[in-house]
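S.K.: Take this structure first; my questions come after.
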Amino acid sequence: MSPSTLAISYFVHLVATVLWIGGLVIMVLLVLPTARRVVGEQPTLYAFLNRLRRRFVPIANLSLAALVVTGLIQMSGDPNYDGLMTFNNDWSRFMLMKHIAIIGMFFCMVFAQLTVAPALDRALLLLEKGKQEPAALEKLHRDETRLTWINVGLSLLVLLFTALATAL
Ligand code: HEM
């Protein structure tokens, strides 16, 4: 594979990592605690977080797609790579563990986008119409925050296994 193709792939792989993983980390460490402290458990807080999520989801989905495509390019261009489902060296074993962590992130993301997010949208609409107790939104919001923390933990594992593979 030409060095320029690999360089472009690594560039896209790193930018996608910064956007997705960086976005998750900034969300749980800065945005969520600060927004909760400044706004409080008010409908405004949930409207702000719903809008933020709607802007972040396409970035996260696009980043994951870019990571898979460029990851496959990088894998096929790596001298340690001995073929699909072949784990006869430390590099491919670290890559396997990296992929298991990524699959975990994928399921957290799908669960959050297909169940928690729509439930939060519905609950906010009902809250604004005075037909919903704030407690229901607080619980859903806690579920979403917990899922995001799990994804941050898994993303640190992805970076750990990548560092171990790259060091070989
Ligand atoms: C959450 C998803 C992912 C993240 C955060 C991630 C992150 C990274 C990072 C930061 C690097 C280091 C690049 C460098 O050394 O300059 C890397 C390298 C790599 N990634 Fe990923 N990656 C992800 C998904 C994938 C996927 C899905 C694949 C394969 C299908 C993959 C395959 C690779 C390969 C082969 C390398 C090069 C490792 C080496 O140099 O030995 N990555 N990844």
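S.K.: If you scan region 77-93, which residues turn out to be open to solvent by less than 40 Å² (accessible area, probe 1.4 Å) and assigned to a helix (DSSP H, G or I)? It would help to see each step written out before you state the result.
M.R.: Start the filter on region 77-93 by keeping residues that are open to solvent by less than 40 Å² (accessible area, probe 1.4 Å), which leaves 77-78, 83, 89, 91-92.
TRP91, SER92, listed by residue number.
S.K.: Same structure again: I need the full set of residues from region 2-18 which are part of a helix (DSSP H, G or I) and farther than 14 Å from LEU159 by Cβ, in order please.
M.R.: Applying the first criterion (part of a helix (DSSP H, G or I)) to region 2-18 yields 3-18.
Matches in region 2-18: PRO3, SER4, THR5, LEU6, ALA7, ILE8, SER9, TYR10, PHE11, VAL12, VAL15.
S.K.: Here is a further query. If I ask for residues that are out of contact with any helix residue (DSSP H, G or I) (no Cβ under 6 Å at 6 or more places or on another chain) and farther than 14 Å from MET1 by Cβ, which ones from region 70-92 would you list? Outline the logic, then answer.
M.R.: If we filter region 70-92 for residues that are out of contact with any helix residue (DSSP H, G or I) (no Cβ under 6 Å at 6 or more places or on another chain), which is where we start, we get 71-72, 75-76, 78-79, 82-86, 88-90, 92.
Within region 70-92, ASP82, GLY83, LEU84, MET85, THR86, ASN88, ASN89, ASP90, SER92 qualify.
S.K.: Let me ask something else. Taking LEU154, is it under 23 Å from ALA47 (Cα atoms), in a helix (DSSP H, G or I) and not basic (Lys, Arg)?
M.R.: Numbers: under 23 Å from ALA47 (Cα atoms): no; in a helix (DSSP H, G or I): yes; not basic (Lys, Arg): yes.
The answer is no for LEU154.
S.K.: Could you tell me whether LEU164 is open to solvent by 50 Å² or more (accessible area, probe 1.4 Å) and either away from the ligand (no atom under 16 Å from the Cβ) or over 16 Å from the mean Cα position of the chain (by Cα) (or both)?
M.R.: When the stated conditions are applied, LEU164 passes them.
S.K.: Go through region 23-49 and give me each residue that's open to solvent by 80 Å² or more (accessible area, probe 1.4 Å) and outside any helix (DSSP H, G or I).
M.R.: GLN42
S.K.: Turning to a different aspect of this structure: Could you list all residues from region 57-94 that are away from the ligand (no atom under 15 Å from the Cβ) and within 25 Å of the chain's Cα centre (by Cα)? Give the steps one after another, and end with the answer.
M.R.: We begin by selecting, within region 57-94, every residue away from the ligand (no atom under 15 Å from the Cβ); these are 57-58, 88.
Result: VAL57, PRO58.
S.K.: Ok, one more. Would you be able to tell me the number of residues in region 129-161 that are over 17 Å from ARG53 (Cβ atoms), open to solvent by 60 Å² or more (accessible area, probe 1.4 Å) and in contact (Cβ under 8 Å) with a residue 12 or more places away in the chain?
M.R.: 2
S.K.: So, one more: It is to be established whether one or more residues within region 7-22 are open to solvent by 40 Å² or more (accessible area, probe 1.4 Å) and either farther than 28 Å from HIS99 by Cα or among the small types (Gly, Ala, Ser) (or both). Spell out the reasoning first.
M.R.: The initial filter retains those residues of region 7-22 that are open to solvent by 40 Å² or more (accessible area, probe 1.4 Å), namely 7-8, 10-12, 14-15, 18-19.
The next check asks that each one be either farther than 28 Å from HIS99 by Cα or among the small types (Gly, Ala, Ser) (or both); those that pass are 7.
Yes, region 7-22 contains a residue that is open to solvent by 40 Å² or more (accessible area, probe 1.4 Å) and either farther than 28 Å from HIS99 by Cα or among the small types (Gly, Ala, Ser) (or both).
S.K.: Name, by its number, the condition in (1) surrounded by fewer than 15 Cβ atoms within 10 Å (Cβ to Cβ); (2) modelled with pLDDT under 95 that does not hold for ALA123.
M.R.: Going through (1) surrounded by fewer than 15 Cβ atoms within 10 Å (Cβ to Cβ); (2) modelled with pLDDT under 95 one by one, ALA123 breaks only (1).
The values are calculated or read from the model by the stated rules, or taken from the named source; none is laboratory data. Remember, predicted model here, so these are calculated numbers, not experimental data. When we count neighbours, we look across all protein chains shown, and the Cβ atoms used for this are built from the backbone with ideal geometry, even at glycine. With ligands, DNA and RNA removed, areas are computed over all heavy atoms of the protein, side chains included. Shrake-Rupley method; radii C 1.70, N 1.55, O 1.52, S 1.80 Å.
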